[in-house]
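The values are calculated or read from the model by the stated rules, or taken from the named source; none is laboratory data. Everything quoted here is computed from the prediction, not taken from an experiment. Quick reminder, even Gly has a Cβ in these numbers, built from the backbone with ideal geometry, and neighbours come from all protein chains shown.
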Amino acid sequence: MNRIAMPALGGALLAAGSAQAQDNGMSGGVRCVITMTQLLNNPAYKEMAGVATFYFVGRIEGRDPAFDLTKAMRREIGNMSPRDYSPEAKRCDEALAARNTALKATGGSLQPRGVGR
């Protein structure tokens, strides 16, 4: 291979690998955002879904502030069927509950001095 083609090929492979790694690490969170935004339409779940949507969006942005969430949501919606929403809601709820439990486990140890006394 000539010297010009080699860097171009390397750059293309690096870009493809980077996009795949980015997608693999984010698709679960993206699916949660999609599922929670669907639950916002149901009054029984609206408050919980709103909190969960902010949590998962924040988690995605915390991992990669440059991540294109809109583009990822459009792509992922195409991969989801109506049967996917219930198991996704359960998975996402369990992830959120685990984080909530971990936060509660810290107890008052993170409370600033002089507050609540």
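For the stretch 89-111, check the following and say yes or no: at least one residue is modelled with pLDDT under 90 and not in a helix (DSSP H, G or I). The answer is yes, given that some residue of the stretch 89-111 is modelled with pLDDT under 90 and not in a helix (DSSP H, G or I). Scanning the stretch 39-61 for residues that are surrounded by fewer than 17 Cβ atoms within 10 Å (Cβ to Cβ) and assigned to a helix (DSSP H, G or I) returns Lys46, Glu47, Met48, Gly50, Val51, Phe54, Gly58, Glu61. Taking (1) at pLDDT 50 or above; (2) under 16 Å from Arg74 (Cα atoms) in turn, Asn24 satisfies each apart from (1).
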